[in-house]
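As structure tokens, the structure follows; a few thoughts come after it.
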Amino acid sequence: MTDPASGDMMRCGFVAIVGAPNAGKSTLLNRLSGSKLAIVSAKVQTTRTRTLGIVIEGRSQIVFVDTPGIFKPRRRLDRAMVAAAWEGAEDADQIVLMVDAARKIDEDTRRIIEQFKAANRKVILALNKIDGLHREKLLGLAAELNESGVFSDVFMISALTGDGVDDLLAHVSARLPEGPWHYPEDQLTDITERVLAAEITREKLYGVLHDELPYAATVETESWEEKKDGSVRIAQVIFIERESQKAIVIGKSGQQLKKIGQRAREDLEGILERRVHLFIFVKVRENWGDDRERYRNLGLDYVE
């Protein structure tokens, strides 16, 4: 399809960003989109659902799919996350496999490569976190990974600083299928503000508590009320699995929960560009990872 105004060929397609946990997929999505669409944390397996980041590059509309990290699943939630990641990859026009160049090639990454090899699927390799690494090490890592025969192209990038990201963007843009755009020009993502707000609070939860709180915690937005003065009242619930975790989240005299709420509110006000009244409650829901309703709220399929 050709744009009548410019005569340029219009392109549109889906590009999945996959990789082992903490490879930098969400950081790359945020960098590409220029907005905070996915939460970032040093805690592994932070991304739980597929998030779309819609990027315009010339006459191309690139729909990037940020997927959960692919790893060997142990729990039902793990299996649902990994299934969502592979589904996002299977449906994509192009796939970018991100590898943390600062680490050795781990077993999760090797399993992902083997899956693509078995499916006879060519993917783009993005060696991430190249900051401060010697060129010889990067070239050696690229050569070792290329022995698999899976990769069509290799890019060395820093999702954090943006180094090399423009080259990757131009590459995938030029190789999209021709056709009309799927989304309006001003749309950045498919996730709702309610979901984004919950994800922002979950990011702050991990950021404040670090390793004090186990991975089994989730945040849901229970209500969203538009106020007459243009502000918004948001009520959220942090679900944890045990009563003993409640004191960790709330903290002495409520200080930890207050810190989480303050950081989340500041981020949300910057994103929503208006005043936010944020109220956060903590509830115990034993084995919430086996609760079908929680899966629906996360946008995941319940996996037996």
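Which percent of the accessible heavy-atom area of region 128-251 goes to carbon and sulfur, probe 1.4 angstrom? Present the calculation step by step, with values, prior to reporting the outcome.
Working: 3160 of 6250 Å².
Reported share for carbon and sulfur atoms: 51 percent.
Restrict the search to region 102-135; then list the trypsin sites (Lys or Arg not before Pro) that DSSP places in a loop and that have at most 10 other Cβ atoms within 10 Å of their Cβ.
Here the sparse-neighbourhood loop sites are Lys104.
Simple spin-label model, 7 Å along Cα-to-Cβ: Glu243 to Glu136 in nm?
The answer from the label model is 6.1 nm.
Please report the antiparallel percentage of the DSSP beta bridges confined to region 106-243, to the nearest 5.
Percent antiparallel among DSSP bridges in region 106-243 is about 65.
Find, among the GluC sites (Glu not before Pro) in region 88-168, those assigned to loop by DSSP (not H, G, I, E, B) with at most 15 other beta-carbon atoms within 10 angstrom.
Within region 88-168, the qualifying GluC sites (Glu not before Pro) (loop, at most 15 other Cβ atoms within 10 Å) are Glu147.
Using a probe radius of 1.4 Å on heavy atoms only, what accessible surface per residue do you get for region 181-279? Whole Å² is fine. Don't skip to the end; give the middle numbers.
Working: 5270 Å² over 99 residues.
Spelled out: the 1.4 Å probe surface of region 181-279, per residue, equals 53 Å².
Excluding ligands, DNA and RNA, what is the solvent-accessible area per residue of region 108-153 at a probe of 1.4 Å, expressed in Å²?
That works out to 58 Å² per residue.
Compute the length gained on full extension between Arg275 and Arg194: take 0.36 nm times their separation in residues and subtract their Cα-Cα distance, giving the result in nm to one decimal.
Roughly 27.6 nm would be gained on extension.
Under 21 Å Cα to Cα from Lys204, which lysines show up? Leave out anything in the same chain fewer than 8 places away.
Lys25, Lys36, Lys43, Lys246, Lys252, Lys258, Lys259, Lys283
Can you sort Phe14, Phe151 by solvent-accessible area, 1.4 Å probe, largest first?
Phe14, Phe151
Of Pro180, Thr161, Thr192, which is farthest on the positive side of the dipole of region 149-196, counting Cα position, with +1 on Lys and Arg Cβ, -1 on Asp and Glu Cβ, and the Cα centre as origin?
Value computed over the given set: Thr192.
The values are calculated or read from the model by the stated rules, or taken from the named source; none is laboratory data. None of the values given here were measured: they were computed from a predicted structure. When we count neighbours, we look across all protein chains shown, and the Cβ atoms used for this are built from the backbone with ideal geometry, even at glycine. For accessibility, only protein heavy atoms count, side chains too; no ligands or nucleic acids. Shrake-Rupley method; radii C 1.70, N 1.55, O 1.52, S 1.80 Å.
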